[in-house]
Structure formats: structure tokens, C-alpha cells
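Visitor: Supplied in C-alpha cells, the structure appears directly below.
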2 protein chains.
Amino acid sequence: MKLKAMYSFLNADLRAVEKELEETVRSDYAQLSEAALHLLQAGGKRIRPVFVLLAAKFGTYDIERVKHVAVALELIHMASLVHDDVIDDAELRRGRQTIKAKWSNRFAMYAGDYMFARSLELMTRLENPRAHRILANTIVEVCRGEIEQIKDKYRFDQNLRCYLRRIKRKTALLIAASCQLGAIAANAAKEVADRLNLFGYYVGMSFQITDDILDFTGTEAQLGKPAGSDLLQGNVTLPVLFAMEDERARERITAVHPKTTPDEMKEIIALIKQTDAIEKSYALSDRYLQKAFRVLETLPKNKARSTLYDIAKYIGKRDS
Amino acid sequence: MKLKAMYSFLNADLRAVEKELEETVRSDYAQLSEAALHLLQAGGKRIRPVFVLLAAKFGTYDIERVKHVAVALELIHMASLVHDDVIDDAELRRGRQTIKAKWSNRFAMYAGDYMFARSLELMTRLENPRAHRILANTIVEVCRGEIEQIKDKYRFDQNLRCYLRRIKRKTALLIAASCQLGAIAANAAKEVADRLNLFGYYVGMSFQITDDILDFTGTEAQLGKPAGSDLLQGNVTLPVLFAMEDERARERITAVHPKTTPDEMKEIIALIKQTDAIEKSYALSDRYLQKAFRVLETLPKNKARSTLYDIAKYIGKRDS
């Protein structure tokens, strides 16, 4: 089953989210509107809004209330992508030019700032100080994750803990917050919101690990950028860490630098695939997925729960 | 009277603010702590915390409660400076290397993001959705002001309205929010908080106009950077707009570009000073100041009110 088919019953509400997303980023500044729409139209799974909506189904679901939260979470994600592309000096994202490439680093900086700020503004439509606090804490953690990513670039001596902490901050906590805040916006019981938060964390970890695997196993057409881009940019991900247990692979990997040629990268990717790195990475992704499923089992049984199950399963196994 | 002497009765509380400011920016990341402390130690007037504290005196003053707000506002200001320096490609600020010069544009981007995020986190210690909303709106406006500043760079055909809108967003609204949020944190009456907001707006406008004048009339020692830096970076400020009414000055000014030499800049500054631009700019600054005073007169008479009066007067007339 395709991802979108899993939550087709949310289609009308997701259209409302998309509409609000567009209205929110549209601004008086032609260039900014253009940049934001450029990013929106590049697509993306909108997985954070989907989690917000599904989590809200565990409370008193009101799309008018919950859509602000869904848009806020997606905007924070988009803002962090815009800033990430500056850090990574990335030219392409989802097959399209990045904002920093199409405009400039400076413009990308403020475009990201603006999206961050607008997301906060949206969130304050919810008169709930706890929700504001959770969002603020989450943004701080995302920033920490991004700072760690700069700090850890081309550091081939980092360990697994370092990697896991980074993806927790960079990815998993935002997905966890999407689940938690969706539940809070729908006035679900605190216990339920907390479990959804934990579920989101585990799914987020699995999601990012799979993403990091795909950087090596995906084709350029699937990825929208050349395979191995993460490694070329110095991001030491899980498959890289596992591959470096092999002496020959380690030697080649630790010599990667920003000017490593596409042909050399192809060789290195082939070398990584010859090790058991991909297999071991999938196994760890799967362990997080199993934890996510166990949390789900403690939640009330409903359509949202089975959909969360399907999405989580898809995310951990996806090939693009 | 010196600025600091005007509010010496707040010294103990300002030390508490300074301490919390340091603790807030100190992080697990050595480089980030170093960068933030570098910025803190460069000093600055801490005028936003002072406004927060004085505004809080119109309600039930509790430094433990109000200090988070004071720190949050100063952090937002600092974060915007860090991002501004990236935009302006500025090497010096307050006589010290900027973060982007000492480290890199990328690092400055995330250091700014982190400070923004931490300020939000602090603000949510106040269980007051209205305060959160005001802060979020203010940050959006600051971002808009910064985007306008990029857009308007080297646009010598912009008008007065364009300049005033930009400084409102970039500066005045943050000072207005400092006053308003200080009052709200102290549970002052809404009417009082709203008047303090208006007072802050007028003072902020006067403050930024004076700042823009000093860029031409100040010495390098006073400014911590060469005179005319704003213009060299393409920022078309009030004295520039007025000076361009003179045909000869207009011709020289509109030819300014990033590579204009220091000697040429000196000539252009001299030319601007020969026009009535400085005088006219001070006159407009003074008009805002008079409006600020009139708002003050409608507030309860107390020590805080007379101090706000003194500070406002100083800010509008200062020479450094």
C-alpha cells in the first residue's frame, strides 16, 4: 500500500492544512512568498501534519483547532531544512534547487527565520502555555542537533551514541512533538499525549535511520540528489559508522572530503554496500520500530491507531 | 547624567538579569558558549532589560518572575544582531570581531537560531498565552524588518515611509514589546501595559533614528566601527534620505557600492554633514521623543516613570 492511501480518510483535512500552510508563508515580500512556495511545491511527505492529525483523533478532534498545530510543525521542519541547506552547502533538495542555491545563503537565513517565527505565531493561537513550552523546548533541541551536526562534520571518530543523540534532536523530537501536540490540541488525556510522544520519538528514530540508509541505497532519481550526498557533506551517519568497522572501507571513508569526485564516491558507496553496514542499520531501525509498535498497543484501539501502525511500518521499510 | 546612573537603583536586579543571561547562553557546546559570551562581554546598553524592569514597576514587581522576560528580550536582540552581521557582512561590532567574522556565516546562523530558541523557551516560564503571542508577533515583525533590510539595500529611490516602516519593525517594536511584556509579567493593568507599549514604540523610533545619525557623526572610537558603515553596507537611513535632497550629495551617495574606499566614504560623510540632513534627522527623532513624553504623562507618577523619562531623553540626544 502506498503511504498516501493509508490516510486517505484525512484528505479533506490535509487539504485544509495545505491551504493554511500556503496562506501562512505568503507574505508581502514577493521574494519570500516565491521562496516559500518553491519549497512547498517541492512536495514532501507532510508526515508531521499527518501525525498531528492522527494524534488529535485520540481526543476531541476539531480540524479548525488542530490545523494551526499541524502547519506550525511542518513550518518548523521546513525552516530547519532551509537552514540545513546553508550549512550543507546543498544545491538540490527533492530534485529542486535549494533556496540558498536559487537565491543566496543570506536570504535563506532570513527565509528560515521567518518560517520559524510564523510557526510560533500560529502556535500561540492555541491558548495553552504547556503547548507553547513543548514547542519552544523542541525548537531548542532541533537547534542543538543542528549545531552538533556542524561540530561533528567529517569527524570519523564519533561513536554510535553521538549519532543517535544527533538524530534524536534533529528529527525524532520534532516527530514526537507532532504527536504530543496533536493530542494536546485535542485535549486528549495527558497519559495518552505522553505515550503518543514516545511513539513519535521511536518512529522518528527509525525514520531518520532509514533516511540515512537510503542516502546510500537510493538512486539519484529516488533521492532527488546524488547518492552518498550526506557522506560527501561530512555527515557521519549510521551506515558509515557500521561500515567503518571494516578496515578497507574505513580507510576510504575517512579520506572523504568536500572535493571527493563523483566517481570516487561511487566506489566508496559500493564498498559500504559490500559490508554488513546496510543490514545492521536496518536492524537498528527495526528495533526502534518494534518499540514504537509496543507503545501503540497501550493506546486505545481505533482507526487512528491502526493508521499510525501502518505509517510507522511503511516508514521503517520504505525505499524512497 | 550618565545613562547607567539613571537606573542605578536597579543594579542588583540587573546583575540578576546578567547572571541569567550568561547561564542561558552557556551550553554543552564549547564553541557556542564561547561565541555567546564573546557577544555578552562586548557589552551593550542592555536597554531592553532595563525597559522590562521599569515597566514591571507599574505592576506587582517580582524580579524572579520578570527576569526571564528581560533575558528573553535581550536574547532576541542579540540573536538579531548575530544574523544582521551575516547579512551586512560586518567584521566589527562594538569594537570586537563579529561572530560571523570570528567563526563563520554558518556558525553565526545557528548561534542566532539557538539564542532565538532559548529566548522562547525562557518566555514560556511565564504561564501567559498573551505574553507568548506578543513575543511571537514581535519576532515575526523583526524578521520582516530584516527581510526588508536585505530587499532595500542600495535602493536609493526608497522613500521616508519605507525607512520608517523598516526601523519600526527592526527596532521599535522590540522595545515596545519590552515595555509591554514587563508590565504584563507584573500583572499591571492592560491599559497601563498598552500605554507602555506605545511609549516604547516612540522611544524605539527615536533611538534608531539617533543611531542612524551617529553612524555619520560618531568617531570610529565611539562607534566601534568606521563611520559611514551603514551606508557602505547599503543601508539607506534617514540622514541619507534627507541628504539626497541635495543634488550634489545625491550624486555621490547613489554611487556608493560595497567596494567604495574609506577615503571616498570620508568625502561622502563630509558632504552629508554639509547638508541639513543631520539637523532634520534630529528634528524627527525629537518629534518621536515628544510623543513618548506625552504618553508617559498619562501613566501613574512614580520613580519608574521619571526614570523612563530620563532614559528616553538621554537616548534621543546621545552622542555615542
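Visitor: Might you let me know whether the range A:85-96 holds any residue that is among the β-branched types (Val, Ile, Thr) and at pLDDT below 90?
Guide: yes
Visitor: Quick check on this structure: which one of B:GLU146, B:GLU141, B:GLU121 is open to solvent by 10 Å² or more (accessible area, probe 1.4 Å) and either at the interface with another protein chain (Cβ under 7 Å from one of its Cβ atoms) or part of a loop (DSSP other than H, G, I, E, B) (or both)?
Guide: B:GLU121
Visitor: Which residues, counting only those in the range B:256-279, are in contact with an Asp or Glu (Cβ under 9 Å, 6 or more places away or on another chain) and open to solvent by 70 Å² or more (accessible area, probe 1.4 Å)?
Guide: B:PRO258, B:GLN274, B:ASP276
Visitor: From the list B:LEU289, B:LEU241, B:LEU271, B:LEU231, which one is part of a helix (DSSP H, G or I) and within 17 Å of B:TYR202 (Cβ to Cβ)?
Guide: Matching residue, one of B:LEU289, B:LEU241, B:LEU271, B:LEU231: B:LEU289.
Visitor: What number of residues in the range B:149-167 are within 13 Å of chain A (Cβ to nearest Cβ), open to solvent by less than 20 Å² (accessible area, probe 1.4 Å) and either of a type in the set (Val, Ile, Thr) or outside any helix (DSSP H, G or I) (or both)?
Guide: Qualifying residue count, the range B:149-167: 1.
Visitor: Pick out the one residue from A:ALA56, A:ALA70, A:ALA42, A:ALA79 that is open to solvent by 10 Å² or more (accessible area, probe 1.4 Å) and in contact with a Gly (Cβ under 8 Å, 6 or more places away or on another chain).
Guide: A:ALA42
Visitor: Among the residues of the range A:168-188, is any within 10 Å of chain B (Cβ to nearest Cβ) and within 29 Å of A:ILE278 (Cα to Cα)?
Guide: Among the residues of the range A:168-188, not one is within 10 Å of chain B (Cβ to nearest Cβ) and within 29 Å of A:ILE278 (Cα to Cα), which makes the answer no.
Visitor: Please specify each residue of the range A:58-116 satisfying the condition of being within 11 Å of chain B (Cβ to nearest Cβ) and part of a loop (DSSP other than H, G, I, E, B).
Guide: A:ASP89, A:TRP103, A:SER104 - these are the residues of the range A:58-116 that are within 11 Å of chain B (Cβ to nearest Cβ) and part of a loop (DSSP other than H, G, I, E, B).
Visitor: If B:VAL50 satisfies all but one of (1) away from every other protein chain (no Cβ under 14 Å); (2) modelled with pLDDT under 90, what's the number of the condition it fails?
Guide: Single failed check for B:VAL50: (2).
Visitor: Quick one: B:TYR309 ticks every box in (1) in contact with a Phe, Trp or Tyr (Cβ under 8 Å, 6 or more places away or on another chain); (2) part of a helix (DSSP H, G or I); (3) in contact (Cβ under 8 Å) with a residue 24 or more places away in the chain except a single one, so which number is it?
Guide: (3)
Visitor: Any chance the range A:34-47 includes a residue that's under 27 Å from B:THR124 (Cβ atoms) and more than 14 Å from every other protein chain (Cβ to nearest Cβ)?
Guide: Looking for residues that are under 27 Å from B:THR124 (Cβ atoms) and more than 14 Å from every other protein chain (Cβ to nearest Cβ), one finds at least one in the range A:34-47, hence yes.
Visitor: Let me ask you something else. Given the conditions (1) more than 18 Å from the chain's Cα centre (by Cα); (2) hydrophobic (A, V, I, L, M, F, W, C); (3) not in a helix (DSSP H, G or I), which single one is not true for A:VAL236?
Guide: (1)
Visitor: Assess whether A:ASP310 counts as being under 23 Å from the mean Cα position of the chain (by Cα) and surrounded by fewer than 17 Cβ atoms within 10 Å (Cβ to Cβ).
Guide: Spelling it out, A:ASP310 is indeed under 23 Å from the mean Cα position of the chain (by Cα) and surrounded by fewer than 17 Cβ atoms within 10 Å (Cβ to Cβ).
Visitor: Let me ask something else about it. Test B:LEU21 against the stated conditions and say whether it is modelled with pLDDT of 80 or more, surrounded by 14 or more Cβ atoms within 10 Å (Cβ to Cβ) and either assigned to a helix (DSSP H, G or I) or within 14 Å of another protein chain (Cβ to nearest Cβ) (or both).
Guide: yes
The values are calculated or read from the model by the stated rules, or taken from the named source; none is laboratory data. Values in this document were obtained by computation on a predicted structure and should not be read as measured data. All Cβ positions, glycine included, derive from the backbone under ideal geometry; neighbour counts span all protein chains shown. Calculation scope for accessible area: heavy atoms of the full protein, side chains included, ligands and nucleic acids excluded. Shrake-Rupley method; radii C 1.70, N 1.55, O 1.52, S 1.80 Å.
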